1. Enumerate the amide H contacts of Met140 below 5 Å, restricted to partners 5 or more residues apart or on another chain; note that Pro and chain-start residues carry no placed amide H.
2. Pop the C-beta distance of Ala22 and Ile175 into the FRET formula with R0 = 25 Å and round what comes out to the nearest 0.05.
3. Return the sequence-ordered ³J(HN,Hα) values of region 191-201 in whole Hz as given by the Karplus equation 6.51 cos²θ - 1.76 cosθ + 1.60 applied to θ = phi - 60°, using x for Gly and Pro.
4. Using 0.36 nm per residue of separation minus the Cα-Cα distance, give me the extension gain between Ile90 and Leu260 in nm, one decimal.
5. Rounded to whole Hz and in sequence order, give me ³J(HN,Hα) for region 59-67 from the Karplus expression 6.51 cos²θ - 1.76 cosθ + 1.60, θ = phi - 60°, writing x for Gly and Pro.
6. Going by C-beta contacts inside 10 Å, put Thr164, Thr58 in order with the fewest on the left.
7. In sequence order, what are the phi-derived ³J(HN,Hα) couplings for region 35-51 according to the Karplus relation 6.51 cos²θ - 1.76 cosθ + 1.60 with θ = phi - 60°, rounded to whole Hz, with x for glycine and proline?
8. List the residues whose amide H sits under 5 Å from the amide H of Ser118, counting only those 5 or more places along or on another chain, with H placed 1.01 Å from N in the peptide plane.
Amino acid sequence: MYYHEHSAMGTLGFISIAIIIANVFVSYRGFTDREFFARYSFEVEKILIYKDYKRLVTSGFLHVNWMHLIFNMISLYIFSVNLESYIGSIPYLAIYFISLIGGDLFALYIHRNNSAYSSVGASGAVFGIMFASIALFPGMRIGLFFLPIAFPAWIYGLAFVLYTIYGIKSRRNNIGYESHLGGALIGLITAMIIRPTALVENYVPILLIIVPSAVFIYFIIKNPAFLLIDDSFKRKYNYTVEDKYNSSKRNLQEEIDEILEKIHKKGMSSLTKQEREKLKSYSESVKD
């Protein structure tokens, strides 16, 4: 859990409060309704194949559990204090949503060939707000509540980038490092666009954060195999979303052909209830 030395000096703005309330409301709905959760979570296949782009935003308001939600909202609260009042509500809102979408787009790029990948959480937006604060106030002190010391924000930012790159490369757990890094970088860049003087005044710490990130992104664009861990993962990774979609389509067509052949030989009355439902569903999808 984070803190910084400026957090007691300001007040939480209206937009920040509204975003926190929205996260709590939508996440609670997701906790109690798994169908709702599944309909709005980030899923590579649903976005790339079925063009369900709203998930790039809606997934950012869902969380896995209360601990996940509370951690993100406390972090958002801490770094929203002062930032919204300093840059204004509209720019703050822009940073939040651009970081949210940017983080998810980066995760979508990284996992574009992994159709099974899914995620939820506001972390991309939260890290966008955090790194916007770092870009504007690189000298503020950031620490963890369980440690007695705090570090300059730019040192934390550099350490975060390096650790996140390691997390993306190693794939050692289910943490969405990709959305964290994407959201953080977009938040930092958006803050500099909103306040261009930040780059002039704080160019050294900003470059220390951006350069290793840019090098890493260059590597994964020029050489996607850089992200692969071993041959078994490579085989899984290269089974693309399109492969899965086409395979499912072929399997469905084969099942329908078998049903039609059965009707031809034995008549409609020979079909089971499941076969009738599958044929009806297929007919409706063809009409659509």
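1. Amide H to amide H, under 5 Å and 5 or more residues apart or across chains, Met140 pairs with Ala153.
2. Working: r = 23 Å, r/R0 = 0.93.
Given R0 = 25 Å and the Cβ-Cβ separation, E is 0.60.
3. Listing the rounded values in order: 4, 5, 5, 5, 10, x, 5, 4, 5, 5, 7 Hz.
4. Values: separation 170, 0.36 × 170 = 61.20 nm, distance 5.82 nm.
So the chain would gain 55.4 nm between Ile90 and Leu260.
5. Calculated HN-Hα couplings, in order: 4, x, 10, 9, 9, 5, 7, 4, 4 Hz.
6. On the way: Thr164 21, Thr58 18.
Ranked by crowding around the Cβ, least crowded first: Thr58, Thr164.
7. Rounded to whole hertz, the list is 5, 4, 4, 5, 6, 10, 6, 7, 9, 4, 4, 5, 7, 7, 8, 9, 6.
8. Those lying under 5 Å, H to H, from Ser118: there are none.
Read-outs: derived from the displayed coordinates by stated rules, not from any lab. Note that the coordinates shown come from a computational prediction; the quantities given were computed from them, not determined experimentally. Methodologically, a virtual Cβ is constructed for each residue, glycine included, from the backbone with ideal geometry; neighbour enumeration extends over all protein chains shown.
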